[in-house]
Amino acid sequence: MSTTVPTYHQLDLDAEGFLQKPEQWNEDIAREIAAENGIALTDAHWKVVRFMRDRFLSTGNAPTIRTLGKESGVSVKELYLLFPKAPAKLAAKIGGIPKPHGCI
Amino acid sequence: MQRIVILGAGTAGTIMANRLVHAYRDRIAGGLLSITVVDHDPRHLYQPGLLLLPFGHYQPEQLVKPKQRLLPKHVRSIEARVDRVDADASAVVLENGSALPYDLLIIATGSQIAPDETDGMTGPGWREKVFDFYSLEGATALRDALAGFQGGKLVVNVVEMPIKCPVAPLEFAFLADDYFTRRGIRDRVEITYVTPLDGAFTKATCSRELAYLLDEKRIKLVTEFSTGRVDGANGKLYAWDETEVPFDLLVTIPVHKGADYVGRSPGLGDEMNWVLTDPHTLQAKRAANIFVIGDATNIPASKAGSVAHFEAELMAENIERFLAGRAVEPSFDGHANCFIETGHRKALLIDFNYDVEPVRGRFPFAWGPVPLLKESRLNHLGKLFFRWIYWHLLLPGRPIPGVPARMSRTGKRIPAPPAPASAAPAPAASEPRTPAGV
Ligand SMILES: Cc1cc2nc3c(=O)[nH]c(=O)nc-3n(C[C@H](O)[C@H](O)[C@H](O)COP(=O)(O)OP(=O)(O)OC[C@H]3O[C@@H](n4cnc5c(N)ncnc54)[C@H](O)[C@@H]3O)c2cc1C
């Protein structure tokens, strides 16, 4: 049984490695994505990743960096330490939700 | 007596009032149904005109009409600010303390810019070298600043998504290129477009078809820039990670929020005051007798007048079902349709929904087909014509010939799905719409 569990790169991904089907996500996948991006997930990371994912699943919109800073319980400064360079994008990727995009 | 209350008489509220009066004229006359509209602001602003106003195309007064004239006679209209919605009691509380009970509530209070949400934005330099054009005051002040601008760094910046009319900032950059070219000083102006997204175009087809526009117009691009603060005195825009972009003139699209009363109404909205809404039935998650239309929702559709128009047609049908005690239908598909000005008297047309991205092809308007996702003069005329359509077809709730409420695939070159056909209709964009308890 255990051998049939798909790994990250066997899932439906876009060109940048974002999951295209959020339901294919699980915590092991999250750890794999994080590791590929040089991140070992701590409790603080999980807090942000879960917030991001829950918000997306319930509303269809991924929170912005400012919302994360206000609502996730982790400050913007800390977010940049946890997820260097592009916190909202990295947290979305690790949380298994599509990349934030505009309408064109 | 069935009491319908509409909050907000902007684009969406006016369309709904007109549609419902049209549908229920007899019931209203017979005292079986009443429609009440609440809005504190007596002026109706044609917001799409704000894009062109800074370049001298319109005078401010050409964009404003009294709301009273746009609403049908058979509605009661109350000029007051909403204080909160008590969904358990099915009543709206106005700022003067009076309560307005309803059987069915339509929320159409739109979105507003919140420049104060960004540090320093409204500090030194605000409306001197830091401007918005999403308000009549901002666009008018910007017009004067542009007229006096003799050269330097012009930065067009989107603080964060969502914003209304998501392409307007990019259109502004294109029109600025046109404007300074016409004034003969284009070589002295550096135009930079600063976006929190990872490109000016974020959808595959659009970036493939439209990437040339930025090069052609010599517009510099800064991507993935999450604006943290503005230093107007020193002319610098800072990201949260302290990267900076210098400017002589900043045109910023501030953070957007829903109306404040949403935050005072328990369970109605999220932290940005967007009303939690089912993306297909357009009912509030808070209560089945609350419908939400236009910019006020949190659904992943564009915040645009055309979207409100499409929503209105389907919402009117669902309201009919709801009032008759029948089940509502999940009919809204996220349809949006808009012209994008690219300057030099050309424009593009895009037409898309939750599941289908903008693509090339021809759009079958009743007046004749126009190209999709491709620059043309005809589309520019279409954009100008939109002002007429807005006042005379859109607000009165009339159909726009050839433009159905649900997106049509006719004329579109929609690529075949990459994966083998599966039984489950599950494109990425449709996933999050499950109101999951997760
Ligand atoms: C620069 C710019 C360009 C645009 N270009 C286009 C375009 O080309 N095509 C297009 O389709 N769309 C365009 N739009 C978007 C379009 O104008 C909006 O999406 C549309 O007006 C939304 O309608 P609405 O009814 O949801 O909100 P609005 O029209 O903004 O109306 C909201 C109403 O609610 C009232 N209100 C708010 N709070 C309260 C309260 N507490 N109590 C009582 N009343 C309240 C307000 O006074 C207002 O009248 C553009 C917008 C901008 C800013």
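Picking from B:Ala327, B:Ala114, B:Ala405, which is most flexible by a Gaussian network model of chain B using Cα springs under 10 Å?
Greatest mean-square fluctuation among the candidates belongs to B:Ala327.
Which of the peptides A:92-102, B:91-101 is most tightly packed, and how do the rest follow, going by the mean number of other Cβ atoms within 10 Å of each residue?
Going from most to least packed, we get A:92-102, B:91-101.
What residues of region A:62-81 lose no less than 20 Å² of accessible area with every protein chain in place versus their chain by itself (probe 1.4 Å, heavy atoms only)?
A:Thr64, A:Ile65, A:Arg66, A:Thr67, A:Lys70, A:Glu71, A:Val76, A:Tyr80
Over the protein assembly as shown, average the accessible area per residue using a 1.4 Å probe and give it in Å², no decimals.
Result: 42 Å² of accessible area for each residue.
Check every DSSP H run in chain A and write down those whose alpha carbon atoms cover 30 angstrom or more along the long axis and whose mean Kyte-Doolittle hydropathy is 0.0 or greater.
Passing helices, by number: none.
Taking the Cα centre of region A:8-94 as the origin, how large is its charge dipole in debye, to the nearest 20, when only Lys and Arg (+1) and Asp and Glu (-1) carry charge on their Cβ atoms?
Here the size comes out at about 440 debye.
With +1 on the Cβ of every Lys and Arg and -1 on the Cβ of every Asp and Glu, and nothing else charged, how large is the dipole of region B:275-329 about its Cα centre, in debye rounded to the nearest 20?
220 debye
Accessible area drop of at least 40 Å² (1.4 Å probe, protein heavy atoms): which residues of region B:222-239 qualify, relative to the chain alone?
Relative to the lone chain, where solvent access is computed with a 1.4 Å probe, region B:222-239 loses at least 40 Å² at B:Glu224.
Quote the convex hull volume per residue of region B:1-141, based on C-alpha atoms, as a whole number of Å³.
Per residue, the Cα convex hull of region B:1-141 comes to 122 Å³.
Give me the accessible area buried between chains B and A, both sides summed, with a 1.4 Å probe, in Å² rounded to the nearest 100.
2800 Å²
How many percent of DSSP beta bridges within chain B run antiparallel, rounded to 5?
Taking every DSSP beta bridge with both residues in chain B, the antiparallel ones total about 50 percent.
Give me P(r) over region B:1-65, computed from all C-alpha to C-alpha distances, binned every 5 Å, as integer percentages.
4, 16, 21, 16, 14, 11, 8, 6, 4, 2, 0
Going by the alpha-carbon gyration tensor, a ≥ b ≥ c the square roots of its eigenvalues, is chain B rounded (a/c under 1.5) or, if a/c is not under 1.5, prolate (a/b greater than b/c) versus oblate?
Since a/c reaches 1.5 and a/b is larger than b/c, the shape of chain B is classed as prolate.
Quick check: at a probe of 1.4 Å, how many percent of the accessible area of the protein assembly as shown sits on carbon and sulfur atoms?
52 percent
Quick check: the angle from helix B:11-29's long axis to the longest principal axis of chain B, C-alpha only, nearest 10 degrees?
20 degrees
More than 23 angstrom separation, counting every C-alpha pair in region A:8-94; what % is that?
For region A:8-94, the fraction of Cα-Cα distances above 23 Å is 15 percent.
Can you give me the angle between helix B:168-182 and the longest principal axis of chain B, using Cα atoms only, in degrees from 0 to 90, rounded to the nearest 10?
That helix lies at roughly 40 degrees to the long axis.
Which of the pairs A:Lys21/B:Lys203; A:Lys89/B:Lys285; B:Lys303/B:Lys383 have their Cα atoms more than 21 Å apart in this structure?
A:Lys89/B:Lys285
State, to one decimal in nm², a quarter of the convex hull surface area for the C-alpha atoms of region B:126-188, i.e. the direction-averaged projected area.
4.4 nm²
Angle check, please: helix B:305-323 long axis (alpha carbons) against the longest principal axis of chain B (alpha carbons), in degrees 0 to 90, nearest 10.
10 degrees
Using a simple charge model, +1 on the beta-carbon of Lys and Arg, -1 on the beta-carbon of Asp and Glu, nothing else, what dipole does region B:115-255 show about its Cα centre, in debye to the nearest 20?
540 debye
Go ahead and run the numbers for FRET between B:Arg183 and B:Thr223, Cβ-Cβ distance against an R0 of 30 Å, rounding to 0.05.
Efficiency for this residue pair is about 0.60.
Working only with C-alpha atoms, what are the Rg and Dmax values of the protein assembly as shown, expressed in angstrom?
According to the Cα coordinates of the protein assembly as shown, Rg and Dmax are 23.3, 72 Å.
Looking at the square roots a ≥ b ≥ c of the eigenvalues of the Cα gyration tensor of region B:339-394, which shape do they give, rounded for a/c under 1.5, prolate if a/b is larger than b/c, or oblate?
Oblate, because a/c is 1.5 or more while a/b does not exceed b/c.
Pick out, from B:Val158, B:Leu213, B:Val245, the residue whose Cα sits farthest towards the positive end of the charge dipole of region B:115-255, with +1 on the Cβ of Lys and Arg and -1 on the Cβ of Asp and Glu.
Going by the charge dipole, the pick is B:Leu213.
How big is the accessible area of A:Trp25 in square angstrom, nearest 10, if you roll a 1.4 angstrom probe over the protein chains?
40 Å²
What figure, in Å² to the nearest 10, do you get for the accessible area of A:Glu78 with a 1.4 Å probe and non-protein molecules left out?
80 Å²
Please report, to two decimal places, log10 I(q)/I(0) for region B:50-113 at q = 0.14, 0.16, 0.17, 0.21 Å⁻¹ as given by the Debye formula with identical point scatterers on the Cα atoms and no solvent.
-0.64, -0.76, -0.81, -1.00
So which residues of region B:244-280 lose at least 40 Å² of accessible area, probe 1.4 Å, when you go from the chain by itself to every protein chain present?
Buried by 40 Å² or more upon assembly, which counts only protein chains, are B:Glu271.
The values are calculated or read from the model by the stated rules, or taken from the named source; none is laboratory data. Since this is a predicted model, take the numbers as computed values, not measurements. Quick reminder, even Gly has a Cβ in these numbers, built from the backbone with ideal geometry, and neighbours come from all protein chains shown. Accessible surface areas use protein heavy atoms only, side chains included; no ligands, DNA or RNA. Shrake-Rupley method; radii C 1.70, N 1.55, O 1.52, S 1.80 Å.
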